Amino acid sequence: DTFAEAFAMTAARAIITAATAGWAEIAGRTMSGYATSVIACDAEAAIERVLSPDETPDGRPGVSVLVFAFSRDALEKALANRVGQCVMTCPTTACYNGLPVGEKTISVGGRLRYFGDGWQISKRLADKRYWRIPVMDGEFTCEETFGTTKGVAGGNIILLGSDPNQTLAATEAAVQAMRQCPDIILPFPGGIARSGSKVGSKYKALRASSNTAFAPTLKGLVESALPPEVECVYEIVIDGLNLEAVERATAVGIRAGALPGVITITSGNYGGNLG
C-alpha cells in the first residue's frame, strides 16, 4: 500500500494546426522541449494527442499540447514564450486555445501580437479574438486569450524489475497504453524518467536530488526500497487536467506494465513534503 504524492498546478491546452500533420507535430514537439519537470524547467509540457482536421478550429491537421506551471503568471509567461519561439517560427502553423474560457485566463496571442510591429490585425469571431501577425510565409494566427484550469501534476508509477531490458520493455508498454487516456501527458523523454527524484538534498542549493532509495547501485549503502533481485527501476510521471484523469492513467499503466521481468509496481511519495 502506497500512494503517489501529486500536487496542484495550473494548466492550459494549446491547439496547434499546420498545413500538414508533420509540421503540426514538429511545432508541438519543439514547443514542449525542455519541459519535463518544474524542478528546473519553466513548465511541464508534452503533446497530449494528434488531432484530425475535423477536431481543430481551422479544419487543418493538428496536435494538442498540455502545459503545466505553478501559477497563472508563470504559465502565461512560459506558454507565450514557447508559442512565440517554437510555434510562430514553424512553417504554416496557427495556435488556438483548447480549454473553456472562464474568469481565470492568460494572454497568449495578446502578448505575441507586438511582434507584428504595428502591422498585426485583430479579428473577433464568436466572442473570441484572434491576432493575425505578418510572417514570411503569410500570417501567423493566434488566439488572444487562453483558458486555464487547476490541474494535477506529479502522479507517478514506478516499475521495479530484475532484468533491465524486460523492465524497459514493460515500461514502454505502460506508456503506450497510458497515452491513449484523455486529458493527461507524460512529460519525460519517451514518457519515462530514469532519474527519479526525492524532495531535498544534502546540498542546500538543490530542492530535489536523486531518489537514492530506488537506485539499484546504492543497495547496501542507503536505506533502500528495493528487493534484492531488483536491478532496474523506471518511473512514469503523469500530469492531468483533473484528478480523475491521473487516476485513470495510473490504473491503465499498472495493468499494462505488469509484464514478465517486473517484480513490483509501486509509487513515489515524500511523507507529505511535496503535495
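The values are calculated or read from the model by the stated rules, or taken from the named source; none is laboratory data. Because the structure is a prediction, the values reported are computed rather than measured. Here the Cβ positions follow ideal geometry from the backbone for every residue, glycine too, while neighbour counts run over all protein chains shown. Each accessible area value is taken on the protein alone, full model and side chains, heavy atoms only, with ligands, DNA and RNA left out. Shrake-Rupley method; radii C 1.70, N 1.55, O 1.52, S 1.80 Å.
Quick notes on this one:
- Solvent-accessible area of TYR130 with every protein chain in place, 1.4 Å probe, in Å² to the nearest 10: 40 Å²
- Over 17 Å [Cα-Cα, region 9-149], rounded percent: 55 percent
- For the chain, averaging the sequence separation of C-alpha pairs within contact (under 8 Å, six or more residues apart) and dividing by the residue count gives a relative contact order of 23 percent.
- Mean projected area in nm² (Cα convex hull; one quarter of hull surface) for region 101-228: 13.7 nm²
- Tilt relative to the chain, helix 164-178 - C-alpha long axis, 0 to 90 degrees, to 10: 40 degrees
- Average projection, convex hull of the Cα set of region 234-275: 3.6 square nanometres.
- The calculated 222 nm mean residue ellipticity attributable to helices in the chain amounts to -6000 deg cm²/dmol, summing -39500 (n - 2.57) over DSSP H runs of n ≥ 4 and dividing by all residues.
- Region 34-84: radius of gyration and largest Cα-Cα distance (Dmax), Å: 12.7, 37
- Put simply, the Cα atoms of region 165-275 extend 39, 32, 23 Å along their principal axes, the longest span coming first.
- Over all pairs of different C-alpha atoms in region 183-226, the reciprocal of the mean inverse distance, the Kirkwood hydrodynamic radius, equals 12.0 Å.
- Under the combined filter of DSSP loop state and at most 14 neighbouring Cβ atoms within 10 Å, region 83-179 retains these trypsin sites (Lys or Arg not before Pro): LYS104.
- Ordering SER32, SER162 by accessible surface, largest first, gives SER162, SER32; the 1.4 Å probe counts only protein heavy atoms, with every chain in place.
- A 1.4 Å probe over all protein chains sorts TRP131, TRP23 by accessible area into TRP23, TRP131, starting with the largest.
- Within the chain, all pairs of alpha-carbon atoms sorted by distance into 10 Å bins from zero give the percentages 7, 28, 31, 19, 11, 3, 0.
- When the Cα atoms of region 116-180 are aligned to their principal axes, the ranges along those axes come out at 61, 31, 20 Å in descending order.
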